[in-house]
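Student: Here you go, one structure.
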Amino acid sequence: MNKPVIGILGAGKLGTTLAKLSTKAGYQTLIASSKPAAKIQLTISVLAPKATALSAQEVTRQADIVILALPLSKYKTIEKTGLAGKVVLDAMNYWWEVDGTDNIYTTKDHSSSELVQQYLSKSTVVKALNHMGYHDLEDEAGNGKDGQRKAITLAGDDFKAVAAAAKIVTDLGFDPLILDSLAQGRILEPGTSLFGADETQKSLQKIIDNELQKL
Ligand SMILES: NC(=O)c1ccc[n+]([C@@H]2O[C@H](COP(=O)([O-])OP(=O)(O)OC[C@H]3O[C@@H](n4cnc5c(N)ncnc54)[C@H](OP(=O)(O)O)[C@@H]3O)[C@@H](O)[C@H]2O)c1
(Lines give C-alpha, C1' and ligand atoms only; values in the text may rest on other atoms or scores of the structure.)
Protein backbone atom coordinates (compact mmCIF):
# COMPACT_ATOMS: atom_id res chain seq x y z
CA MET A 1 0.00 0.00 0.00
CA ASN A 2 1.26 3.49 -0.81
CA LYS A 3 2.40 5.63 2.09
CA PRO A 4 0.05 8.50 2.93
CA VAL A 5 1.15 11.99 2.00
CA ILE A 6 2.03 13.85 5.18
CA GLY A 7 1.16 17.49 5.61
CA ILE A 8 2.67 19.66 8.33
CA LEU A 9 1.12 22.94 9.47
CA GLY A 10 3.88 25.01 11.09
CA ALA A 11 7.35 25.44 9.65
CA GLY A 12 9.20 26.30 12.83
CA LYS A 13 11.42 24.19 15.08
CA LEU A 14 9.09 21.19 15.38
CA GLY A 15 7.56 21.34 11.89
CA THR A 16 10.88 21.42 10.06
CA THR A 17 12.31 18.63 12.26
CA LEU A 18 9.30 16.42 11.53
CA ALA A 19 9.51 17.28 7.83
CA LYS A 20 13.13 16.13 7.81
CA LEU A 21 12.29 12.88 9.62
CA SER A 22 9.26 12.09 7.48
CA THR A 23 11.08 12.61 4.19
CA LYS A 24 13.90 10.44 5.52
CA ALA A 25 11.27 7.78 6.28
CA GLY A 26 10.14 7.92 2.65
CA TYR A 27 6.96 9.95 3.03
CA GLN A 28 6.03 12.62 0.54
CA THR A 29 5.88 15.61 2.86
CA LEU A 30 4.16 18.95 2.38
CA ILE A 31 4.72 21.81 4.82
CA ALA A 32 3.24 25.27 5.36
CA SER A 33 3.20 28.24 7.68
CA SER A 34 0.31 30.70 7.69
CA LYS A 35 2.17 32.82 5.13
CA PRO A 36 2.64 32.25 1.39
CA ALA A 37 4.91 29.28 0.57
CA ALA A 38 7.63 31.56 -0.79
CA LYS A 39 8.25 32.85 2.77
CA ILE A 40 9.40 29.41 3.98
CA GLN A 41 10.95 28.15 0.75
CA LEU A 42 14.55 28.96 1.72
CA THR A 43 14.18 27.54 5.24
CA ILE A 44 12.71 24.30 3.93
CA SER A 45 15.34 23.96 1.22
CA VAL A 46 18.00 24.07 3.95
CA LEU A 47 16.36 22.19 6.85
CA ALA A 48 14.16 19.65 5.06
CA PRO A 49 15.18 19.79 1.39
CA LYS A 50 13.06 16.83 0.30
CA ALA A 51 9.87 18.38 1.65
CA THR A 52 7.66 20.66 -0.42
CA ALA A 53 6.69 24.11 0.82
CA LEU A 54 3.12 25.02 -0.07
CA SER A 55 0.36 27.23 1.29
CA ALA A 56 -1.61 25.95 4.29
CA GLN A 57 -4.66 25.54 2.08
CA GLU A 58 -2.71 23.41 -0.40
CA VAL A 59 -1.20 21.30 2.37
CA THR A 60 -4.54 20.54 4.01
CA ARG A 61 -6.16 19.73 0.67
CA GLN A 62 -3.34 17.59 -0.75
CA ALA A 63 -2.09 15.70 2.31
CA ASP A 64 -3.70 12.48 3.56
CA ILE A 65 -2.66 12.96 7.19
CA VAL A 66 -1.77 16.33 8.71
CA ILE A 67 0.43 17.15 11.70
CA LEU A 68 -0.30 20.32 13.66
CA ALA A 69 2.99 22.01 14.63
CA LEU A 70 1.88 25.58 15.21
CA PRO A 71 1.39 27.58 18.42
CA LEU A 72 -1.59 26.16 20.33
CA SER A 73 -3.14 29.60 20.82
CA LYS A 74 -3.45 29.84 17.02
CA TYR A 75 -5.44 26.64 16.59
CA LYS A 76 -8.51 28.52 15.46
CA THR A 77 -6.52 29.94 12.53
CA ILE A 78 -6.00 26.42 11.16
CA GLU A 79 -7.18 26.07 7.60
CA LYS A 80 -9.77 23.43 8.38
CA THR A 81 -11.85 22.89 5.23
CA GLY A 82 -9.31 20.58 3.63
CA LEU A 83 -8.92 18.61 6.85
CA ALA A 84 -12.48 17.25 6.83
CA GLY A 85 -12.51 13.46 6.91
CA LYS A 86 -8.77 13.25 7.63
CA VAL A 87 -6.65 12.08 10.52
CA VAL A 88 -4.90 15.00 12.22
CA LEU A 89 -1.96 14.52 14.58
CA ASP A 90 -1.94 17.24 17.22
CA ALA A 91 1.61 17.95 18.45
CA MET A 92 0.72 21.33 20.00
CA ASN A 93 1.27 22.28 23.64
CA TYR A 94 0.36 25.22 25.80
CA TRP A 95 3.50 27.30 26.43
CA TRP A 96 2.91 30.52 28.32
CA GLU A 97 5.70 32.52 26.68
CA VAL A 98 4.03 31.91 23.33
CA ASP A 99 0.39 31.35 24.17
CA GLY A 100 -0.11 33.87 26.99
CA THR A 101 -0.40 33.49 30.75
CA ASP A 102 -4.08 32.51 30.70
CA ASN A 103 -4.11 28.78 30.08
CA ILE A 104 -7.58 28.18 28.76
CA TYR A 105 -6.40 25.24 26.67
CA THR A 106 -5.39 22.54 29.08
CA THR A 107 -7.40 22.23 32.26
CA LYS A 108 -8.50 19.58 34.73
CA ASP A 109 -11.58 19.06 32.58
CA HIS A 110 -10.01 18.62 29.16
CA SER A 111 -6.78 18.16 27.29
CA SER A 112 -5.87 20.79 24.73
CA SER A 113 -6.34 18.16 22.03
CA GLU A 114 -10.01 17.80 22.99
CA LEU A 115 -10.46 21.51 22.24
CA VAL A 116 -8.68 21.05 18.94
CA GLN A 117 -10.96 18.08 18.19
CA GLN A 118 -14.01 20.26 18.93
CA TYR A 119 -12.74 22.88 16.48
CA LEU A 120 -11.81 20.29 13.85
CA SER A 121 -15.12 18.52 14.28
CA LYS A 122 -15.00 16.89 10.84
CA SER A 123 -11.51 15.45 11.36
CA THR A 124 -10.21 12.75 13.69
CA VAL A 125 -7.61 14.14 16.06
CA VAL A 126 -4.88 12.02 17.63
CA LYS A 127 -2.53 13.59 20.16
CA ALA A 128 0.96 12.65 19.06
CA LEU A 129 4.55 13.86 18.87
CA ASN A 130 3.98 16.54 21.51
CA HIS A 131 5.98 15.33 24.52
CA MET A 132 9.49 15.10 23.12
CA GLY A 133 11.57 18.19 22.30
CA TYR A 134 12.58 18.73 18.70
CA HIS A 135 16.29 18.22 19.42
CA ASP A 136 15.57 14.84 20.99
CA LEU A 137 13.26 13.90 18.13
CA GLU A 138 16.02 14.61 15.67
CA ASP A 139 18.79 12.95 17.71
CA GLU A 140 16.91 9.84 18.81
CA ALA A 141 15.00 8.90 15.64
CA GLY A 142 15.84 5.37 14.58
CA ASN A 143 18.43 4.81 17.30
CA GLY A 144 18.58 1.42 18.98
CA LYS A 145 17.07 -1.97 18.32
CA ASP A 146 13.68 -3.28 19.50
CA GLY A 147 12.97 -2.27 23.09
CA GLN A 148 15.86 0.20 23.10
CA ARG A 149 14.37 2.76 20.77
CA LYS A 150 12.85 5.84 22.35
CA ALA A 151 9.07 5.85 22.62
CA ILE A 152 6.38 8.35 21.67
CA THR A 153 2.99 8.25 23.37
CA LEU A 154 -0.21 8.76 21.40
CA ALA A 155 -3.76 9.34 22.58
CA GLY A 156 -6.97 9.11 20.59
CA ASP A 157 -10.54 7.90 20.53
CA ASP A 158 -10.60 6.30 17.09
CA PHE A 159 -8.79 2.98 16.77
CA LYS A 160 -8.06 3.27 13.05
CA ALA A 161 -6.78 6.84 13.34
CA VAL A 162 -4.53 5.92 16.26
CA ALA A 163 -3.18 2.94 14.30
CA ALA A 164 -2.39 5.21 11.33
CA ALA A 165 -0.63 7.66 13.65
CA ALA A 166 1.30 4.85 15.34
CA LYS A 167 2.53 3.63 11.96
CA ILE A 168 3.92 7.08 11.21
CA VAL A 169 5.58 7.29 14.63
CA THR A 170 7.18 3.88 14.01
CA ASP A 171 8.38 4.89 10.55
CA LEU A 172 9.88 8.10 11.95
CA GLY A 173 12.03 5.90 14.19
CA PHE A 174 10.21 5.60 17.54
CA ASP A 175 8.27 2.93 19.42
CA PRO A 176 4.62 3.98 19.80
CA LEU A 177 2.81 3.73 23.14
CA ILE A 178 -0.94 4.14 22.99
CA LEU A 179 -3.31 5.65 25.56
CA ASP A 180 -7.01 4.73 25.61
CA SER A 181 -8.55 8.10 24.79
CA LEU A 182 -7.92 11.67 23.72
CA ALA A 183 -8.94 12.69 27.26
CA GLN A 184 -6.06 10.66 28.70
CA GLY A 185 -3.77 12.80 26.56
CA ARG A 186 -3.83 15.28 29.47
CA ILE A 187 -0.99 13.27 30.98
CA LEU A 188 1.22 14.18 28.01
CA GLU A 189 0.90 17.91 28.51
CA PRO A 190 3.29 20.42 30.11
CA GLY A 191 3.42 20.08 33.89
CA THR A 192 3.37 16.26 33.91
CA SER A 193 6.37 13.99 34.31
CA LEU A 194 5.71 12.64 30.82
CA PHE A 195 6.24 16.01 29.25
CA GLY A 196 9.74 16.16 27.81
CA ALA A 197 10.15 12.40 28.28
CA ASP A 198 12.85 10.86 26.15
CA GLU A 199 12.55 7.26 27.31
CA THR A 200 12.23 3.71 26.05
CA GLN A 201 8.80 2.09 25.86
CA LYS A 202 9.37 0.18 29.11
CA SER A 203 10.36 3.17 31.23
CA LEU A 204 7.77 5.40 29.59
CA GLN A 205 5.07 2.87 30.48
CA LYS A 206 6.01 3.18 34.16
CA ILE A 207 5.67 6.96 34.02
CA ILE A 208 2.33 6.59 32.24
CA ASP A 209 0.96 4.19 34.87
CA ASN A 210 1.94 6.66 37.55
CA GLU A 211 0.39 9.64 35.76
CA LEU A 212 -2.84 7.78 34.97
CA GLN A 213 -3.41 7.22 38.66
CA LYS A 214 -3.45 10.98 39.19
CA LEU A 215 -6.31 11.54 36.71
N1 LIG B 1 9.80 23.04 19.86
C2 LIG B 1 9.62 21.80 20.35
O3 LIG B 1 10.59 21.11 20.77
C4 LIG B 1 8.25 21.20 20.42
C5 LIG B 1 8.11 19.82 20.72
C6 LIG B 1 6.83 19.28 20.78
C7 LIG B 1 5.71 20.08 20.54
N8 LIG B 1 5.88 21.41 20.25
C9 LIG B 1 4.68 22.21 19.97
O10 LIG B 1 4.64 22.38 18.55
C11 LIG B 1 4.12 23.67 18.21
C12 LIG B 1 5.15 24.43 17.39
O13 LIG B 1 6.30 24.64 18.19
P14 LIG B 1 7.63 25.23 17.54
O15 LIG B 1 8.63 25.24 18.63
O16 LIG B 1 7.92 24.56 16.25
O17 LIG B 1 7.16 26.73 17.24
P18 LIG B 1 7.76 27.79 16.23
O19 LIG B 1 9.20 27.46 15.98
O20 LIG B 1 7.40 29.13 16.73
O21 LIG B 1 6.95 27.50 14.87
C22 LIG B 1 5.57 27.72 14.76
C23 LIG B 1 5.21 27.71 13.28
O24 LIG B 1 3.79 27.74 13.13
C25 LIG B 1 3.48 28.62 12.04
N26 LIG B 1 2.06 28.96 12.08
C27 LIG B 1 1.38 29.86 12.86
N28 LIG B 1 0.07 29.83 12.56
C29 LIG B 1 -0.10 28.91 11.58
C30 LIG B 1 -1.23 28.43 10.84
N31 LIG B 1 -2.47 28.88 11.07
N32 LIG B 1 -1.02 27.49 9.89
C33 LIG B 1 0.20 27.00 9.64
N34 LIG B 1 1.32 27.42 10.30
C35 LIG B 1 1.16 28.35 11.26
C36 LIG B 1 4.49 29.73 12.25
O37 LIG B 1 4.68 30.54 11.10
P38 LIG B 1 3.87 31.91 10.80
O39 LIG B 1 3.60 32.58 12.13
O40 LIG B 1 4.80 32.65 9.90
O41 LIG B 1 2.65 31.45 10.12
C42 LIG B 1 5.76 28.90 12.49
O43 LIG B 1 6.28 28.41 11.26
C44 LIG B 1 3.78 24.34 19.54
O45 LIG B 1 2.44 24.12 19.85
C46 LIG B 1 4.69 23.61 20.54
O47 LIG B 1 4.18 23.65 21.85
C48 LIG B 1 7.11 21.97 20.18
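The values are calculated or read from the model by the stated rules, or taken from the named source; none is laboratory data. None of the values given here were measured: they were computed from a predicted structure. FYI the Cβ positions are ideal-geometry reconstructions off the backbone, even for glycines, and counts take in every protein chain you see. The area values use the complete protein model at the heavy-atom level, side chains included, leaving out ligands, DNA and RNA. Shrake-Rupley method; radii C 1.70, N 1.55, O 1.52, S 1.80 Å.
Student: Among the residues of region 60-72, write down those that are open to solvent by less than 10 Å² (accessible area, probe 1.4 Å), touching a Leu at 6+ places or on another chain (Cβ under 7 Å) and near the ligand (Cβ under 8 Å from one of its atoms).
Tutor: If the condition is that a residue be open to solvent by less than 10 Å² (accessible area, probe 1.4 Å), touching a Leu at 6+ places or on another chain (Cβ under 7 Å) and near the ligand (Cβ under 8 Å from one of its atoms), then Leu68 is the only one that fits.
Student: Here is a follow-up. Just one of Thr52, Thr101, Thr43, Thr81 is open to solvent by 50 Å² or more (accessible area, probe 1.4 Å) and touching a Leu at 6+ places or on another chain (Cβ under 9 Å); which is it? Talk me through it step by step, then tell me what you get.
Tutor: On the way: Thr101 fails: touching a Leu at 6+ places or on another chain (Cβ under 9 Å); Thr43 fails: touching a Leu at 6+ places or on another chain (Cβ under 9 Å); Thr81 fails: touching a Leu at 6+ places or on another chain (Cβ under 9 Å).
It is Thr52.
Student: Find all pairs meeting these conditions: Cβ atoms under 7 angstrom apart; at least six residues apart or on different chains; first residue within region 1-24 and of a type in the set (S, T, N, Q); second residue near the ligand (Cβ under 9 Å from one of its atoms).
Tutor: Thr16/Thr43; Thr17/Tyr134; Thr17/Leu137
Student: Under 6 Å by Cβ, and 6 or more places apart or on different chains, what pairs join a residue from region 28-42 that is β-branched (Val, Ile, Thr) with one that is part of a strand (DSSP E or B) and at pLDDT 95 or above?
Tutor: Taking only residues 6 or more apart or on different chains, the pairs are Thr29/Ile6; Ile31/Ile8; Ile31/Ala53; Ile40/Ala53.
Student: Tell me which residues, restricted to region 75-107, are more than 10 Å from the ligand (Cβ to nearest atom), closer than 21 Å to Ala128 by Cβ and of a type in the set (A, V, I, L, M).
Tutor: Scanning region 75-107 gives Leu83, Ala84, Val87, Val88, Leu89.
Student: Any idea which of Lys3, Lys13 is within 12 Å of the ligand (Cβ to nearest atom) and either surrounded by fewer than 21 Cβ atoms within 10 Å (Cβ to Cβ) or aliphatic (A, V, I, L, M) (or both)? Spell out how you get there, then give the answer.
Tutor: On the way: Lys3 fails: within 12 Å of the ligand (Cβ to nearest atom).
The unique qualifying residue is Lys13.
Conditions (1) farther than 21 Å from Gly10 by Cα; (2) more than 15 Å from the ligand (Cβ to nearest atom); (3) among the aliphatic types (A, V, I, L, M), marked per residue:
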| residue | (1), (2), (3) |
| --- | --- |
| Glu138 | no, no, no |
| Asp146 | yes, yes, no |
| Leu154 | no, no, yes |
| Asp158 | yes, yes, no |
| Lys167 | yes, yes, no |
| Thr170 | yes, yes, no |
| Pro176 | yes, yes, no |
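Student: Still on this structure, I have one more. All but one of (1) closer than 20 Å to Lys127 by Cα; (2) assigned to a helix (DSSP H, G or I) hold for Thr23; state the number of the condition that does not hold.
Tutor: Among (1) closer than 20 Å to Lys127 by Cα; (2) assigned to a helix (DSSP H, G or I), Thr23 violates only (1).
Student: Within region 104-140, how many residues turn out to be β-branched (Val, Ile, Thr) and open to solvent by 40 Å² or more (accessible area, probe 1.4 Å)?
Tutor: Qualifying residue count for the region: 3.
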